[in-house]
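Q: Following this message is one structure expressed as C-alpha cells.
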Amino acid sequence: MIQDIVPKLMFVLLILSVIAIFQSLLMAFFLFFSKKNAPVERNILAFLFLIFSVFISGSLMIMYGQTMTAHSIAHIASLTVFLAPPTLYFFILCKTNPHFQLSWKDLVHFIPFIVVVTVMVFRLSTDKQNVLVFFTPYGISLLTLLFVQNFIYLAKVYQRLHRLGIPVFRFGKSGLSLQHKWLRNLMLVTTSVLIIKLALFVLWNVFSLVGICIFFTGVFFIFSFVILNATILVGLSKPGIYSIPPKYQNSSLSQNISTSYLQTLEDTMKTEMPFLDPLISLEKLAKHVKIPKNQLSQVINTETGLSYNDYINKYRIQQAQSIISKLNGNGETLLGVAYDVGFNSKSTFNTAFKKFTGKTPSEYRKQNRVEAFK
C-alpha cells in the first residue's frame, strides 16, 4: 500500500515544485519588465523571486537528478538561498527609507556568497569525488559561515521592522497596514526557507538522516507552492505594495538628519511624555522638540511607518498597558486610564488599544489578572 502511495506523492511534489518555479520566474519577469523607470525595490523583489526559483530548481534536481553532474549543478543552484536574506534586507531598506540608494559598494554584502560558490565550483571541477565536496569538513565549514551571515541579515531585517513598529511574531488583528503585513510575511517566508535549509543541512551532515531529509524537502515544495501563490495573489491584487509612495522622494531632508531627529523625538517621548497631553498636535509637538513641522511629519512617516496619530497613540497604548498591569483592583477604571494617557473618549481608546495589542482593554486587564494569580 505504502509502496503505491509514495510514487504518486513524489509525482504530486514534482508538479507543485514545477508550478512554484514557473510562478516565481513569471513574477520576476513581471516585476522587471512591466513598468518603465520602476522603483529599485521592484527590481530587488524580482531578484528575490528569481532566487527562490533557482533554489527550488536546485532542490528539485537533488531529489530527481540521475547523474553526478546533475547533482553538482543542483547543489550549486541550491546555494542561491543564501542570497535571499541580504536581498530582503536591501528590499526592506528601499521600501521603508526613501533616502536609501543602492550603490556598487553594496555588492560587498554578497562577497561571502560569491567566494563560497567560486570555491565550490572550482573544487567540483577538480575533485574526482565531485559533489561529495559539499559534505567534507571543508565544504561544511564554508556553508556554516553562510548560515551565520544569513541569520545576521535576518536579525537586521527584524530590527528594522521592529523599529518601524511592525510586530513580526504577532498575528491576528495587529492594526498593521497591508504593506506592513506583507513586509512581515515576506520576512517570515525567507526565515522559514532558511530554517528548512538549515534543518536539511544538520539532518544530513550531522545525523545522516536521509529519509527525514527527503521528507523535509517534500514539505518545502508544498510550502513553496502555497506561500508563493499567496504572495503573488496579494501582490497582483494590491500592486502598490511593491513601491514607495512618492510623497517624500524629492525631500531635502538627509538620512543623517532624519535619524538624528528621530532620536530626539524618541528621547522626548520616553522622558517627557508629551503624548499624555490630549490636545497634542503635530504643530505643538514640532515646537516642543524644535523640529520643523513638515520634517517632523516626514520623520514619523518614513522612519516609523506610522501616521502622526498612530505614532502618538502607540505611546499612549504602551503607557496604558503599563498602568493596567499595575491596577490590581485598586479601583481605577479603564475610562480613567484612557483619560490619564491622553485619550478624550473611551471608544477611541478601545479602538486604538485593539489596533496595537489585538485585545480590548478589558481583555488585556483580565489576562493580566489571570497571569498574576498563576
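Q: Please identify which residues in the range 58-84 have an amide N closer than 17 Å to a label point set 7 Å out from the Cα of Phe122, following the Cα→Cβ vector.
A: Inside the label zone: nothing.
Q: Can I ask one more? Residue by residue through the range 101-116, what is 3J(HN,Hα) from phi via Karplus (6.51 cos²θ - 1.76 cosθ + 1.60, θ = phi - 60°)? Round to whole Hz and write x for glycine and proline.
A: 9, 6, 9, 4, 5, 5, 5, 4, 5, 9, 4, x, 5, 4, 5, 4
Q: A follow-up question, please. Please arrange Leu107, Leu209 by how many other C-beta atoms lie within 10 Å of their C-beta, fewest to most.
A: Lowest to highest Cβ neighbour count: Leu107, Leu209.
Q: How large is the dipole of the range 251-372 about the Cα centre if only Lys and Arg carry +1 and Asp and Glu carry -1, each at its Cβ, rounded to the nearest 20 debye?
A: It comes to approximately 300 debye.
Q: Apply the Karplus parameterisation 6.51 cos²θ - 1.76 cosθ + 1.60, with θ equal to phi minus 60°, to every residue of the range 15-24 and state each ³J(HN,Hα) to the nearest whole Hz, in sequence, with x for glycine and proline.
A: Karplus values, whole Hz, x for Gly and Pro: 4, 4, 5, 5, 4, 4, 5, 4, 5, 4.
Q: Among Leu161, Leu198, Leu285, which comes first, then next, by fewest other beta-carbon atoms within 10 Å?
A: Placing the least packed residue first, the sequence is Leu198, Leu161, Leu285.
Q: Name the residue from Phe275, Asn294, Ser362 whose Cα lies farthest towards the positive end of the charge dipole of the range 262-371, charges +1 on Cβ of Lys and Arg and -1 on Cβ of Asp and Glu.
A: After comparing all options, I get Ser362.
Q: In percent, what relative contact order does the range 251-372 have, based on Cα pairs under 8 Å that are 6 or more apart in sequence?
A: With pairs under 8 Å counted, the relative contact order is 22 percent.
Q: So, one more: Could you tell me, in Å, what Rg and Dmax come out for the Cα atoms of the range 251-372?
A: Looking at the range 251-372, its Cα Rg and Dmax stand at 15.9, 52 Å.
Values in this text are rule-based calculations from the coordinates and carry no lab data. What you are looking at is a predicted structure, and each value in this text was computed from that prediction instead of being measured. When we count neighbours, we look across all protein chains shown, and the Cβ atoms used for this are built from the backbone with ideal geometry, even at glycine.
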